[in-house]
Amino acid sequence: MVSKQVVLEEKDIEIALKKICKQLLGRHPQLNDTVLVGIRTGGVYLAERLKQKILQERGVDLPTGIIDITLYRDDWTRRSQTPEVKKTEIHFSIEDKHVLLVDDVLFTGRTIRAALDALLDLGRPRRVELAALIDRGHRELPICADYTGKTLEKISRQDSVNVELKELAGVDQVVIEYGKYPNH
């Protein structure tokens, strides 16, 4: 039997995003040549929210784009014989830019590896940093987030972490489903 637990509610997600924004602005006060790129799907909405927080805090309207990594994944044939490829929407150059890559959950690192491959096909950024709302551990690749909203400890590989956002689910919350993947 799978049990569920809400570990972050709307206010907690807001606090986590403020934390990420504060850390980013602390490291990059001028935001020179900084762009935001959200990984489809959850990262897109979080990147937009970060953009709005930065605009409110510093008055800087950062270019923001969307990257689809479907065909860059190393497991796409396991997930579906006909993957649903969506559009990458980056209408600005990433050449010699500071790219802040945004995702909802950092787990094995494979999504981020795929996103880096996709980004490098678009140009050569000066620097790429990663912001993740949730770091749930269990890396398979040597990847870590530069900015993390919340780290979930004591969560096993068999558990699922679901970030539900208003833009998609009508509610902001992070839910753990314990034992969802018994053979993981």
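The values are calculated or read from the model by the stated rules, or taken from the named source; none is laboratory data. Remember, predicted model here, so these are calculated numbers, not experimental data. Here the Cβ positions follow ideal geometry from the backbone for every residue, glycine too, while neighbour counts run over all protein chains shown.
State all residues of segment 86-100 that are more than 20 Å from ARG27 (Cα to Cα) and outside any loop (DSSP other than H, G, I, E, B); if no residue qualifies, say none.
The initial filter retains those residues of segment 86-100 that are more than 20 Å from ARG27 (Cα to Cα), namely 86-93, 95.
If the condition is that a residue be more than 20 Å from ARG27 (Cα to Cα) and outside any loop (DSSP other than H, G, I, E, B), then GLU89 is the only one that fits.
Are any residues in segment 37-70 more than 17 Å from TYR147 (Cα to Cα) and acidic (Asp, Glu), and if so, which ones?
GLU57, ASP61, ASP68
Does ILE66 meet the test of being under 21 Å from VAL163 (Cα atoms), out of contact with any Leu (no Cβ under 8 Å at 6 or more places or on another chain) and surrounded by 14 or more Cβ atoms within 10 Å (Cβ to Cβ)? Please lay out each step first, then the result.
On the way: under 21 Å from VAL163 (Cα atoms): yes; out of contact with any Leu (no Cβ under 8 Å at 6 or more places or on another chain): yes; surrounded by 14 or more Cβ atoms within 10 Å (Cβ to Cβ): yes.
It is true that ILE66 is under 21 Å from VAL163 (Cα atoms), out of contact with any Leu (no Cβ under 8 Å at 6 or more places or on another chain) and surrounded by 14 or more Cβ atoms within 10 Å (Cβ to Cβ).
Under 7 Å between Cβ atoms, which residue pairs at least 6 apart in sequence (or on different chains) link something in segment 53-71 that is at pLDDT 95 or above with a partner that is aromatic (Phe, Trp, Tyr)?
Short answer, once both residue conditions are applied: PRO63/PHE92; GLY65/PHE92.
Considering segment 121-143 alone, what residues qualify as being surrounded by 13 or more Cβ atoms within 10 Å (Cβ to Cβ), under 19 Å from VAL99 (Cβ atoms) and hydrophobic (A, V, I, L, M, F, W, C)?
Once the filter is applied, which keeps residues that are surrounded by 13 or more Cβ atoms within 10 Å (Cβ to Cβ), under 19 Å from VAL99 (Cβ atoms) and hydrophobic (A, V, I, L, M, F, W, C), segment 121-143 yields LEU122, VAL128, LEU130, ALA131, ALA132, LEU133, ILE143.
So LYS150 clears everything in (1) farther than 30 Å from LYS97 by Cβ; (2) among the charged types (D, E, K, R); (3) touching a residue at least 12 places away in the same chain (Cβ under 8 Å) except one condition, right? Which one?
(1)
Quick one: what pairs do we get from segment 78-101, first residue more than 11 Å from THR34 (Cα to Cα) and exposed (fewer than 11 other Cβ atoms within 10 Å of the Cβ), second at pLDDT 95 or above and among the β-branched types (Val, Ile, Thr), C-beta under 9 Å, 6+ apart or different chains?
Matching pairs, first to second residue: LYS87/ILE66.
Does segment 168-183 include one or more residues that are within 21 Å of ALA16 (Cβ to Cβ), touching a Gly at 6+ places or on another chain (Cβ under 9 Å) and exposed (fewer than 15 other Cβ atoms within 10 Å of the Cβ)?
yes
Could you grab me the full set of residues in segment 144-153 that are crowded, with 17+ Cβ neighbours inside 10 Å and of a type in the set (D, E, K, R)?
Result: LYS150, single match.
Sort out for me the strands (runs of 3 or more DSSP E) sitting completely within segment 1-70 that have 2 or more residues that are under 16 Å from the mean Cα position of the chain (by Cα). Lay out the reasoning, then the answer.
Details: elements: 3-8, 34-39, 64-67.
Qualifying strands (runs of 3 or more DSSP E): 34-39, 64-67.
Of all the residues that make up segment 101-120, how many are closer than 24 Å to ASP159 by Cβ and either among the hydrophobic types (A, V, I, L, M, F, W, C) or in a strand (DSSP E or B) (or both)?
Number of matching residues: 9.
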